[in-house]
Each structure stands twice: as C-alpha cells, then as structure tokens.
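Inspection log for the structure reproduced underneath, given as structure tokens.
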Amino acid sequence: MSGAARYDAAEERWLRGQVRAGEVPVCPRCDVTMTRREIGGGSFGLGYDRHREWLICPRCKRSAIFDLRRGTRT
Ligand SMILES: [Zn+2]
C-alpha cells in the first residue's frame, strides 16, 4: 500500500530469530524459502567484526536486512 513492501516489526523480529538460530528463513507471508545473502565482510570500512544478512523473498519481494555480529553466541 505504501511504496516498497516491507515486513512489519514482528515479522522482522521473527526472521532475525530464524537467522540467529541458523535456520533457513521462510517468508512469514508466503511460506517459501528466502534468498539469503551476506553483505559486508569488511568492505564497509566498519573495522570490526560485523556483517549483514540480506533476506529476500522470491515471491513477494519483501526484503529485510539484519546486522549480525559474529561471536554473540551466549
Ligand atoms: Zn514473501
């Protein structure tokens, strides 16, 4: 309805939980496996151990980007 389709906050939170748990995320709206890309790896000049995951649903084209830090396993 309003420009680019986005997930709402609850859906993003759920997706982030999937990623952190090491699961392959599934679009909460379409129930299809999402395309997962890693962004970064130091090319952003952020200096430290940081990377981003970009999830795209191949059906509804919604996407979400998460900042994930490595080594936060506790
Ligand atoms: Zn979808």
Point to revise | Breaking point among (1) surrounded by 15 or more Cβ atoms within 10 Å (Cβ to Cβ); (2) at pLDDT below 90, for residue 63 | key: (2)
Review point. Quick one: how many residues across the stretch 1-12 are at pLDDT 85 or above and within 16 Å of the ligand (Cβ to nearest atom)?
Key: 6
Point to revise | Answer residue from the stretch 14-53, given it is at pLDDT below 70 and among the aromatic types (Phe, Trp, Tyr) and is nearest to the ligand (Cβ to nearest atom) among those | key: 44
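The values are calculated or read from the model by the stated rules, or taken from the named source; none is laboratory data. Treat the numbers as computed from the prediction; the structure is a model and nothing was measured. Cβ coordinates were reconstructed from backbone atoms using ideal geometry, including for glycine residues, and neighbour counts include every protein chain displayed.
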